[in-house]
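Below is one structure, written out as structure tokens; the observations come after it.
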Amino acid sequence: MTRCLPRLLPWLLPLLLTIVALLSLDVPLGPIAKYTLYFALAVALPGILILRALWRSTGNWAEDVGLGSAVGATNQLVGWAIFTALGWQGWLAVWPALVLIAFGVVPRLRTYWRIAEPKPLPLFWTWGMAIAAAVLLGGTVLGVMSYHPAPPDGTSYYQDLLYHLSMLTELTRSVPPELPQVAGESLEYHWFANADMAASVDITKLSPIIVLYRLWLLPQLVVALLVTATLVRTVSRAWWTGVLAAAALAGPQLFLFFDTSVNLTPPLSLLSPSQTFGMIAGTAAAVFLIHVLFKGAGGKGLWLLAFAVAVVGGGSKPTILPILVGAVGLSALFLLVRDRRMPWRFVAAGSLLVAAAVATMVTVAGSTSGSGLQLLAVVKTTGGYAAATGDLTQAGEGGLILPALTSGLLPVAGVVVVSLLLLIGQLLAVVGYGLLVGRELRRDPLGWFLLGGLIAGWAGFLVIDHPSVSEAYFVHSIVPFSLAAAGWLAASWTRAYGTSGATLRPPRRAVLLKLASAAVLLGGLYAFVLLTTDATPRGSQLQRIFLVARPVIVVIVLTAVLALVWVLLTKRRPALAGLGGVLVLLTLLVIPSARTLEQSLQQDKRAQTFTSATWWVYPDEKAAALWLAQNSAPTDIVVSNTWCRPAPKQGPGCDARGYLVSGIAGRRTFLEGWGYTSQAMKNQGVGGLRYNQQPSPWPDRVDLTNQALYKPTPEVLRRLRDEYGVRWLYADLFGGPVSPALNDLAVLRHSWQRVRIYELTR
């Protein structure tokens, strides 16, 4: 135990910081302790034991926790599906307990509680990871979670969180799940992350609200750091590159200590649990695939781990499996060309991944409807695009080619400028392309594996045109691949500079520390330049293009000057000549962190909480929803007129993303917000309206709802009760006065200010 203490001590920093931060948000200590024990004993520990039994230990507990948590989440989803399908959700704790009991009782399995061949990482690695975790967790709780109040606190709620809350609650009820906003319809969404939350609710008995808004994400962030660091160390064979990757992920979150934001800096996200959960699974699957394909290790057990976790990634985010297919496919092509024989192991892996991608796409991927193909469609969302090109088309509009590319020389120049700004904004996903200048790529298929993932991710990002710009998740999901490629290059170049294995010799270590310090200064300088040279476009189109391009122009000039300085410096100190690439890599990794930090420090006012007139929820609406949650059965169905927000807005053109009853109350609705359904997204642009403003794909349900609330008859209410199983009517008077006849046809159970809740009892 005394040997482990120095390695456990650093992790107290993020743990204690997170507890104090959660307490400051009025999260009681009891739920914090309960969820911590749940994740440790029901997810991480069973996953670690299964990982070691089917493959092996990584040689250290930290990386085992990262990969083991991904495996444990996969195991938990299997148990959740079985128990929920059988209606035994309340007994789900038995599933992970059976794993622990088996590994405690079966003699052959007892050995996996210990690491057979310990390969501890340096204490510096532990402190580096713990500090990165503290920055990430502290910024998340004190920044983004503080910004998003959990119901019933606050006055506005970001619609995506209420949407995820509705799915979380639904997934505690049934497998396969129904669409919470349209009872009886299948849920078409990549809902595995929400199912993972549902499993935690089933076991801990905590409120779905506190799980989603406050607890679920936090251990996922630590796991994301660990699995990314493991991937980077696996390909670079240098422990310090893992710390570098963790710093690159955590650094941009520093701004949350000084300012709040609607979300974390990508690729991590509170508002998109599927992105965070899917990226973890995809990164862990990449680690397993590397060992299967390039190291020939693990046997059938490792194959099972690799593809089970990959399927979880695909069911969490549709971007994950195409990236893995691209990684395996390009490395297979390289081997075919180099060796002139078919790499059957790669062919088998690629085929399984393609099959998994197809299977998840037709079953659980969902929300991809409305997607089209348009080259460079994503640049339309970049600041200055409309001013530089004159193109006003929205996401999901404009044909196969970006309209500005066919509109003349000046618009094309504007597209080039905005595309460069886009690349600068995605540096963590760009830096991996440094592989193309590395000589190692010419002979190592592992480099082509990383490059294949990068190409697949960027292809999806630059070619797909989704109505809500969800193609951005492609580039977010490849950040671990990009960091792994950067780590591999940095390790290769430092070894070439004169290292012994993965340990730097003292003189050269001092040089590289100075180089890292220089990179921090340069990263801050570039960030300052990007922020201070930005300008509001005005004047003629040529002037607007110049003003949009000004940051790019200054960056190019600054880079040229610094390159000249470096040439002069290396002439005076030739020993530095081999480290130019390392300096560039480190500087590129620093810029995103410096940019977000400097941007937050320049803010005049710190927003305290999320406030939006569109997503405003009145006190009586919240109180009624919470009353309904406490006084109705989980499977009850509710008729509600809350499908549009803001509440008074009804009729054509309203924003149909209202999730008040299905979200806060957690009940299935006869009809609520349909804005995120596949049916609505398919109609993007019809009638000049966005997907979330389209008329309901279920007009018959709109008519029945309006009849029930505004012109009720015994026949209408009887049809709702007998044919659709409706038990409750949630009447929001913000949407219009309800008929007084309801008092005679149904039982008024709750009434406060402008909300009435009726029960259908006959």
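The values are calculated or read from the model by the stated rules, or taken from the named source; none is laboratory data. Predicted, not measured: the structure shown is a model, and the values here were computed from it. Cβ: placed from backbone, ideal geometry, glycine included. Neighbour counts: every protein chain shown.
Is segment 531-540 home to any residue that is outside the structural domain of Gln253 (by TED's automatic domain parsing), of a type in the set (Val, Ile, Thr) and in contact with a Lys or Arg (Cβ under 8 Å, 6 or more places away or on another chain)?
yes
So that you can scan it fast, the table gives a plain yes or no per residue for (1) over 19 Å from Pro445 (Cβ atoms); (2) assigned to a helix (DSSP H, G or I); (3) touching a His at 6+ places or on another chain (Cβ under 9 Å):
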| site | (1), (2), (3) |
| --- | --- |
| Val262 | yes, no, yes |
| Leu302 | no, yes, yes |
| Gly313 | yes, yes, no |
| Pro318 | yes, no, yes |
| Ala327 | no, yes, no |
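Condition (residue is in a loop (DSSP other than H, G, I, E, B), under 30 Å from the mean Cα position of the chain (by Cα) and either surrounded by 13 or more Cβ atoms within 10 Å (Cβ to Cβ) or not aliphatic (A, V, I, L, M) (or both)) applied to segment 93-104: is it met by at least one residue?
Filtering segment 93-104 down to residues in a loop (DSSP other than H, G, I, E, B) leaves 93.
Next, only the ones that are under 30 Å from the mean Cα position of the chain (by Cα) stay: 93.
Narrowing the set further to residues that are either surrounded by 13 or more Cβ atoms within 10 Å (Cβ to Cβ) or not aliphatic (A, V, I, L, M) (or both) leaves 93.
Yes, there is a match, as at least one residue in segment 93-104 is in a loop (DSSP other than H, G, I, E, B), under 30 Å from the mean Cα position of the chain (by Cα) and either surrounded by 13 or more Cβ atoms within 10 Å (Cβ to Cβ) or not aliphatic (A, V, I, L, M) (or both).
When you check Gly399 against the structure, is it outside the structural domain of Gly314 (by TED's automatic domain parsing), of a type outside the set (D, E, K, R) and part of a loop (DSSP other than H, G, I, E, B), yes or no?
So Gly399 passes the test.
If we only count helices (runs of 4 or more DSSP H) wholly inside segment 164-255, which ones have 2 or more residues that are in contact with a Pro (Cβ under 6 Å, 6 or more places away or on another chain) and of a type outside the set (Ser, Thr, Tyr)?
192-204
Determine whether Val511 is under 21 Å from Thr382 (Cβ atoms), part of a helix (DSSP H, G or I) and more than 28 Å from the chain's Cα centre (by Cα).
In short, no.
Please verify whether Arg237 is basic (Lys, Arg) and in contact with a Ser or Thr (Cβ under 7 Å, 6 or more places away or on another chain), treating the condition exactly as stated.
Considered against the rule, which asks whether it is basic (Lys, Arg) and in contact with a Ser or Thr (Cβ under 7 Å, 6 or more places away or on another chain), Arg237 comes out as no.
If we scan segment 675-683, do we find a residue that is out of contact with any Ser or Thr (no Cβ under 7 Å at 6 or more places or on another chain), assigned by TED's automatic domain parsing to the domain that holds Pro634 and of a type in the set (A, V, I, L, M)?
Yes, the conditions are met somewhere in segment 675-683.
Limited to segment 214-271, what total is found for residues that are of a type in the set (Phe, Trp, Tyr) and either under 22 Å from Leu513 (Cβ atoms) or surrounded by 24 or more Cβ atoms within 10 Å (Cβ to Cβ) (or both)?
Number of matching residues: 3.
Residue by residue, here is whether (1) surrounded by fewer than 23 Cβ atoms within 10 Å (Cβ to Cβ); (2) at pLDDT 95 or above; (3) touching a helix residue (DSSP H, G or I) at 6+ places or on another chain (Cβ under 7 Å); (4) outside any loop (DSSP other than H, G, I, E, B) holds:
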| site | (1), (2), (3), (4) |
| --- | --- |
| Ala70 | no, yes, yes, yes |
| Phe83 | yes, yes, yes, yes |
| Lys119 | yes, no, no, no |
| Thr126 | yes, yes, yes, yes |
| Ala134 | yes, yes, yes, yes |
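Would you check if Leu49 is at pLDDT 95 or above, surrounded by 21 or more Cβ atoms within 10 Å (Cβ to Cβ) and farther than 16 Å from Met197 by Cα?
Here the answer is yes, as Leu49 does meet what is asked.
Yes/no matrix, rows are residues, columns are (1) farther than 17 Å from Gly460 by Cα; (2) in contact with a Leu (Cβ under 9 Å, 6 or more places away or on another chain):
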site	(1), (2)
Arg341	yes, yes
Phe346	yes, yes
Ala356	yes, yes
Ala359	yes, no
Leu375	no, yes
Asp391	yes, yes
Gln394	yes, no
Leu410	yes, yes
